[in-house]
Amino acid sequence: MSTIKNTNATKAYWQLRYQEDRTGWDIGFPSTPIQTYIDQLEDKTLRILIPGAGNAYEAAYLFEQGFTNTYVLDIAERPLQNFAKQFPDFPAEQLLCEDFFQHQGQYDLILEQTFFCSFPPLPENRTQYAEQMHALLKTGGKLVGVWFDIPLTGDLEKRPFGGTEEEYRRYFEPLFNIKTFAPCHNSIKPRRGNEFFVILER
């Protein structure tokens, strides 16, 4: 069964991972590809969403750079609580403990760091993800992210999940103008050669 279909089970799963400190994906700082993209942004009024944000290092970096219209979304409460303690000046109403697939809103930019790769890679899951991203973006808005370029194995439990460029494009080309889809040239060292950098425009 897809984790997307059961919000309570998904919430419990991720909450437990944080409680037990089983967060091997957490690199402890903003992802280099995402930070480099942020450094090129000039409009500080952009309404930005970071879904599946975890400890939200990218959100902290955005806020410190003056992007005050940044929203942090995660299904687990623990990382949001940690973030609020570490950054007490960040607006509490912009920390959203919600299921991404039930979230409603309109954004100029959505930034994500392998969030897409956290869901079991079933066609219905990936289609639902693409459709929800499309719904959350304003016309002309962009989804910018880093996804894993690693083979799918058929194991639906062992995260993270990857895929090929061809497979990814199948879900997004019907909905987005693909501005960039390329091997990531500035991945952190442990992930070098295993990531795509994507910019998709609604």
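The values are calculated or read from the model by the stated rules, or taken from the named source; none is laboratory data. Just so you know, these numbers come straight off a predicted model, no measurement behind them. Every residue, glycine as well, gets a Cβ built from its backbone with ideal geometry; the counts of neighbours run over all protein chains shown.
Restricting the search to the range 84-115, which residues are charged (D, E, K, R) and more than 19 Å from the chain's Cα centre (by Cα)?
Across the range 84-115, the qualifying residues are Lys85, Asp89, Glu93.
Take the residues in the range 143-165 that are in a strand (DSSP E or B) and hydrophobic (A, V, I, L, M, F, W, C), then tell me which one is surrounded by the fewest Cβ atoms within 10 Å (Cβ to Cβ).
Phe148
Could you tell me how many of the residues in the range 104-121 are at negative phi, surrounded by fewer than 16 Cβ atoms within 10 Å (Cβ to Cβ) and not polar (S, T, N, Q)?
0
Considering only the range 166-191, state which residues are touching an Asp or Glu at 6+ places or on another chain (Cβ under 8 Å), within 20 Å of Tyr37 (Cα to Cα) and not in a strand (DSSP E or B).
Hits for the range 166-191 are Phe176, Cys184, Ser187.
May I ask you to say which residue of Val144, Val198 is hydrophobic (A, V, I, L, M, F, W, C), out of contact with any Cys (no Cβ under 8 Å at 6 or more places or on another chain) and in contact (Cβ under 8 Å) with a residue 60 or more places away in the chain?
Unique residue meeting the criteria: Val144.
For the range 154-187, which positions are within 17 Å of Gln128 (Cβ to Cβ) and aliphatic (A, V, I, L, M)?
Leu156, Leu175
Being in contact with a strand residue (DSSP E or B) (Cβ under 6 Å, 6 or more places away or on another chain), modelled with pLDDT of 95 or more, surrounded by fewer than 20 Cβ atoms within 10 Å (Cβ to Cβ) and not acidic (Asp, Glu) is the requirement here; does Arg202 meet it?
So Arg202 passes the test.
Taking the stated definitions as given, is Gly140 outside any helix (DSSP H, G or I), within 13 Å of the chain's Cα centre (by Cα) and within 22 Å of Leu46 (Cβ to Cβ)?
no
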